[in-house]
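Notes follow once the structure below has been shown.
The values are calculated or read from the model by the stated rules, or taken from the named source; none is laboratory data. In this text the structure is predicted, and so the values were computed from the model without any measurement. Every residue, glycine as well, gets a Cβ built from its backbone with ideal geometry; the counts of neighbours run over all protein chains shown. The area values use the complete protein model at the heavy-atom level, side chains included, leaving out ligands, DNA and RNA. Shrake-Rupley method; radii C 1.70, N 1.55, O 1.52, S 1.80 Å.
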Amino acid sequence: MNAQELEKKYAAGERDFSNAELKGANLAEMKLRGIILRGANLEKANLGWANLEHADLSNAILKGANLNAAHLHNANCFGADFSDAKMKTCGLRQANLENANLRGAVLVGAKLMGANLRGANLSKTHLDGADFTGADTEGADVTFTETTNTVGLAMDKDKISLKRIDRSSQ
């Protein structure tokens, strides 16, 4: 299936695209509110500025996808693979990211207020300026995560990695 077919079927009222093969598809700026992409392959797809509010992306593959400024408010992303995805300023308010893999993702300025991140893999992510106010991060892996100016992210002290520049020798 390609992006044009999906857009046409969605416009005709179809919502369930479970297990769709959309690797590398350009879905940028599409309004796909409430779409069901359960188990779909969206690896390296362009979803920048797409409206995916209330979407079901559970167990979907979004490795290396572009989700910059995408709207995923109240989306179900349980177990989804967002590894190495670009998600700058992505809106993930109240999203379910339980057991999701976000390893290496860029979430600079992302809005994760009230999101469920229980058991999520956030290792090696870039979270500069991300807002986790009210988010549930219990059991999330934050190993080697960049957290400069992050708001509301509760981390165990043994998980905090502090980058320091030694300027005394300069």
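If you keep only loop residues by DSSP, which GluC sites (Glu not before Pro) in the stretch 1-110 have at most 15 other Cβ atoms within 10 Å of their Cβ? Mind showing how you got there, number by number?
Working: sites: 5, 7, 14, 21, 29, 43, 53, 98; in loops: 14, 29, 43, 53, 98.
Those satisfying the criteria are 14, 29.
Could you tell me what percent of the accessible area of the stretch 1-83 is made up of carbon and sulfur, with a 1.4 Å probe and every protein chain present? Intermediate results must be reported in sequence, preceding the final value.
Values: 1710 of 3810 Å².
Solvent-exposed carbon and sulfur of the stretch 1-83 make up 45 percent of the total.
Looking at the chain as a GNM with Cα springs under 10 Å, which of 85, 11, 120 has the largest mean-square fluctuation?
11
Any idea what the relative contact order of the chain is, in percent, if you count C-alpha pairs under 8 Å spaced at least 6 apart? List each step's numbers first, then the result.
Values: 554 pairs, mean separation 20.0, N = 170.
Relative contact order here is 12 percent.
Please list, or write none, the aspartates and glutamates whose alpha carbon is within less than 13 Å of the alpha carbon of residue 44, excluding same-chain residues fewer than 8 places away.
In chain and number order, the partners are 21, 81, 84.
With the cut-off at 21 Å, tell me which of the pairs 8/88; 88/111; 9/86; 8/111; 9/63 have Cα atoms farther apart than that. Kindly include the intermediate steps, with their values, before the conclusion.
Values: 8/88 28 Å; 88/111 9 Å; 9/86 27 Å; 8/111 30 Å; 9/63 25 Å.
In this structure, 8/88; 9/86; 8/111; 9/63 exceed 21 Å between Cα atoms.
So, R0 is 41 Å and r is the distance between the beta-carbons of residue 5 and residue 138; what FRET efficiency does that work out to, to 0.05? Kindly include the intermediate steps, with their values, before the conclusion.
Details: r = 40 Å, r/R0 = 0.98.
The formula returns an efficiency of 0.55 here.
Accessible area per residue of the stretch 22-108 at 1.4 Å probe, in Å²?
Values: 3360 Å² over 87 residues.
Ligands and nucleic acids excluded, the result is 39 Å² per residue.
Taking the Cβ of residue 60 as the centre, find all other residues whose Cβ is under 9 Å away and add up their charges (Lys, Arg: +1; Asp, Glu: -1).
Working: positive: 38; negative: 56, 81.
It works out to a net charge of -1.
Note down the net charge around residue 98, summing +1 for each Lys or Arg and -1 for each Asp or Glu among other residues with Cβ under 14 Å from its Cβ. Show your work: numbers first, answer last.
On the way: positive: 118; negative: 56, 81, 136, 138, 141.
Every neighbour counted, the sum reads -4.
Using a basic spin-label model with each label point 7 Å from the Cα along Cα→Cβ, how many nm lie between residue 31 and residue 146?
For the pair residue 31/residue 146, the computed spacing is 3.5 nm.
Lys and Arg at +1, Asp and Glu at -1: add these up for the other residues within a Cβ distance under 14 Å of residue 42 and post the number.
0
Just to be sure I understand: with springs between alpha-carbon atoms less than 10 Å apart, which residue in 22, 67, 97 has the highest mean-square fluctuation in the Gaussian network model of the chain?
Evaluated over the chain, the most mobile residue of the options is 22.
Could you work out which residue, out of 143, 125, 89, moves most in a Gaussian network model of the chain, that is, has the largest mean-square fluctuation with Cα springs under 10 Å?
Result for the chain, Cα springs under 10 Å: 143 fluctuates most.
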